[in-house]
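*Asks:* If you scroll down you'll find the structure; I have some questions about it.
The values are calculated or read from the model by the stated rules, or taken from the named source; none is laboratory data. Predicted model, so just to flag it, every value in this text is computed and none were measured. Here the Cβ positions follow ideal geometry from the backbone for every residue, glycine too, while neighbour counts run over all protein chains shown. For the accessible areas, the whole protein counts, side chains as well, though only heavy atoms, and no ligand, DNA or RNA atoms are used. Shrake-Rupley method; radii C 1.70, N 1.55, O 1.52, S 1.80 Å.
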Amino acid sequence: MTDIAELQPAAAPPGALEFRRAVRPSPELGRFLYTAAGGNWFWTMRLGWTYDQWLERLSHARVETWVLYEEGTPGAYFELDGSTETDIEIAYLGVLPVFTGRRLGAWLLTMAIQRGFAMGATRVWVHTCTLDSPSALANYKARGMRVFKEHSEPIDLPDETPGPWPGAGIYGPHMPASAVRRWEPEGESNA
């Protein structure tokens, strides 16, 4: 999205909801939000990060983490990356499983886009993929975002989504293992 006027905002869902920016860099909070919201969707890129890697990322002057609370409980979050001065990437946007199904994602995206432009962006953008929630792309488009580029690449994934922590299990919407495609070294895939 290159102009805030393109935004088709979603209304705030009912309930006692509150957004707060996590101003103090906290690797513990960052990792909690990442695994809690992304554990059902193969968010695995940061699972091996050290404390110092989390701290470095969250300490960047143009990286912001915003948390949506309901009755004092974290329910969703987004992370904005403004390290490229005129662009703001919605690096992560996710809803914790027990809060899904209430249209929080639409309002969350609205707030992320608005905050991105408030940070001085001339473009707010996001990467998504086929491993994301099935409603993610429709949400992006409904808010006024448009597809800029598509590409395919092989990725090695575990047999199951990691869940919020080892042994916790998978609860709520998730990417089922049957939907995962395995890429062989020869470039062919099998289900």
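*Asks:* Which residues, counting only those in region 17-29, are surrounded by 12 or more Cβ atoms within 10 Å (Cβ to Cβ) and free of Cβ contacts under 8 Å to residues at least 40 places away in the same chain?
*Replies:* Pro25, Ser26, Pro27, Leu29
*Asks:* Continuing with this model, one more query. Pairs, please: C-beta under 6 Å, at least 6 apart or cross-chain, first residue open to solvent by less than 10 Å² (accessible area, probe 1.4 Å) and in region 77-101, second of a type in the set (D, E, K, R)?
*Replies:* Leu80/Glu64; Gly82/Arg62
*Asks:* Name every residue in region 132-154 that is touching a residue at least 12 places away in the same chain (Cβ under 8 Å) and either surrounded by 14 or more Cβ atoms within 10 Å (Cβ to Cβ) or outside any loop (DSSP other than H, G, I, E, B) (or both), in order of residue number.
*Replies:* Asp132, Ser133, Ser135, Ala136, Asn139, Tyr140, Ala142, Arg143, Gly144, Met145
*Asks:* Moving to a separate point now. Here's a check for you: in region 41-66, which residue that is touching a residue at least 40 places away in the same chain (Cβ under 8 Å) and among the aromatic types (Phe, Trp, Tyr) is most open to solvent (accessible area, probe 1.4 Å)?
*Replies:* Trp66
*Asks:* Moving to a separate point now. Which residues, counting only those in region 118-130, are part of a loop (DSSP other than H, G, I, E, B) and either of a type in the set (Val, Ile, Thr) or surrounded by 17 or more Cβ atoms within 10 Å (Cβ to Cβ) (or both)?
*Replies:* Ala121, Thr122, Val126, Thr128, Thr130
*Asks:* Can you tell me which condition Glu85 does not meet? The list is (1) closer than 23 Å to Met119 by Cβ; (2) modelled with pLDDT of 95 or more; (3) in a loop (DSSP other than H, G, I, E, B), and all the others hold.
*Replies:* (2)
*Asks:* Pick out the one residue from Ala106, Ala36, Ala12 that is among the small types (Gly, Ala, Ser) and farther than 28 Å from Ile155 by Cβ.
*Replies:* Among Ala106, Ala36, Ala12, only Ala12 is among the small types (Gly, Ala, Ser) and farther than 28 Å from Ile155 by Cβ.
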